[in-house]
Amino acid sequence: MIKVLVSAGEASGDLHAGAVTRAIKQLDPEAEVFGMGGDRLREAGGEVLFDIKDHSLMGFVEVLKKLPDVWKLRNAFIDLMEERKPDVLLTIDYPGFNMRLAKLAKERGINVVYFIAPQVWAWRPGRAAGVARVTDKIACIFPFEYDLYKSYGADIEFIGHPLVDTVKPSLPRKEAEKLAGKRTGHPLILLMPGSREMEIQRLLPVMLGAAKILKQKRPELDFAIPRAVTIARERLEEPARQAGLDIKLTEGHNYDVMSVADLAIATSGTVTLEAALCGLGCEILYKSSPVSFWIAKRVVEIPNIGLPNIVAGRQIEPELLQDDCTPEKIAATALELLEPERFAQLQLDLQEVKEKLGEPGAVKRVAELVLRMARQNQEEHFLSAKNSR
């Protein structure tokens, strides 16, 4: 029986973990998948031993504050490796923790597959050598990262972007409009503050402030917030109520909601790429602690942080970072994006992004790769044991 240890540390990683786990189970129903994830991993038949609700982090300073918890999680993973003896470790994104975990797995003779590998093209390309040392295979999702990793000796395969498989509206349009609160003649703006508590703290207030300004200037505008599974309802409902805003909170079917909305005001992250695949343009926000932002400015080596902009190779969606992330600037930028000519151009740009993300089938290709590496690990251990007798 094949045993797959998985480590996905936040909502976006859990989404991919669930999709890959489902594909693994289809290819090998007897395979065991267990480790860190959330509801998506659990729904796909994986065993969630460490829930992402308890382990989601962002920012340099924030991680330092949580070091005792990170160390405790590390030790728990070591115990799990010793007890369950997995054939392969599948790490998904979450590089601050997963890089260390990959090293621990390699030391114990466990093959490591890194899916959604560290963004070394943004954070010092030389770090690719370190990723290559602690992995056996990298499942590459962007064409532009393949050559970089390859040049540092990584064993890498381009599999395409998994969101091309997973981002698909599932409801008839009328049902999706009802779910989202979409009304004829009323442009719908989604507020997407993130899936982590620190993002909610920093960005939900400025988003609500912008919504108030927008409602005053354009009374016909409607607003909705798709709730991330890691954030409690009351954490979103109460601030909206205190702001005096009538905002619909949607549950599930996020891609259907995105597909009928007109614009999103979103925290930088995977959700902006999901929105792009739904044809939904975003105003991309980012705000961290002053120290974290100061550090990030000195280590990030690309001009844009929004994934649709990075894939496009130019800024197609506006980015409001740190001090520019104010209700007034957010509202003004949103009004510009809703202008017919600007709106039409953004739709064309989003189609270009979608085409660059590759053909469908990435999730199945990752699952096949994980199973291949697991069987290889089993064979190596069998031969090693046979030779030692």
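Every number here is computed from the coordinates shown, using simple stated rules; none is lab data. Note that the structure is a prediction, hence the values are computed from the model and not measured. For neighbour counting, all protein chains shown are included, and Cβ atoms are generated from backbone atoms with ideal geometry for every residue, glycine included.
By the Stokes-Einstein formula, at 1.002 mPa s and 20 °C, the chain with its Kirkwood radius over alpha-carbon pairs has D equal to 98 µm²/s.
Structural descriptor for the range 173-356: relative contact order 24 percent, calculated from alpha carbon pairs under 8 angstrom and at least 6 residues apart.
Sum up the charges of everything whose Cβ sits under 10 Å from the Cβ of MET1, counting Lys and Arg as +1 and Asp and Glu as -1, but leave MET1 out. Its environment carries a net charge of -3.
Among ALA129, ALA139, ALA243, which one shows the highest mean-square fluctuation when the chain is modelled as a Gaussian network with alpha-carbon springs under 10 Å? Judging by the Gaussian network model, the answer is ALA243. A straight chain from GLU328 to ILE78 at 0.36 nm per residue would run longer than the Cα-Cα distance by 85.2 nm. Here each label is just a point 7 Å from Cα along the line to Cβ, and for LEU148 and LEU335 those points are 3.8 nm apart.
Send over the per residue convex hull volume for the range 173-356, Cα only, as a whole number of Å³.
On the way: hull volume 20.7 nm³, N = 184.
Value for the range 173-356: 112 Å³ per residue.
Along the chain, the longest continuous region that contains none of the GluC sites (Glu not before Pro) in a DSSP loop with at most 12 other C-beta atoms within 10 Å is 31-219.
Annotation: extensible slack from LYS212 through GLU359 equals 48.9 nm (criterion: 0.36 nm per residue apart, minus Cα-Cα distance). Averaging the sequence gap over all C-alpha pairs within less than 8 Å and six or more residues apart, then dividing by the number of residues, gives the chain a relative contact order of 18 percent.
Between SER195, SER151, SER268, the GNM of the chain built on Cα springs shorter than 10 angstrom shows SER151 fluctuating the most. Along the charge dipole of the chain, Cβ charges K/R +1 and D/E -1, which of GLY181, VAL134, PRO360 sits furthest on the positive end? Of the listed residues, the answer is VAL134. Around the Cα centre of the chain, unit charges on the Cβ atoms of Lys, Arg, Asp and Glu (plus for the first two, minus for the last two) sum to a dipole of about 620 debye. Using a simple spin-label model with pseudo-atoms 7 Å out from Cα toward Cβ, GLN119 and GLN315 lie 1.6 nm apart. For the range 173-227, the tally of Lys pairs with Cα-Cα distances below 21 Å comes to 5, considering only residues 8 or more apart or on different chains.
Given R0 = 25 Å, the distance between the Cβ atoms of ARG133 and ALA385 translates into a calculated FRET efficiency of 0.45.
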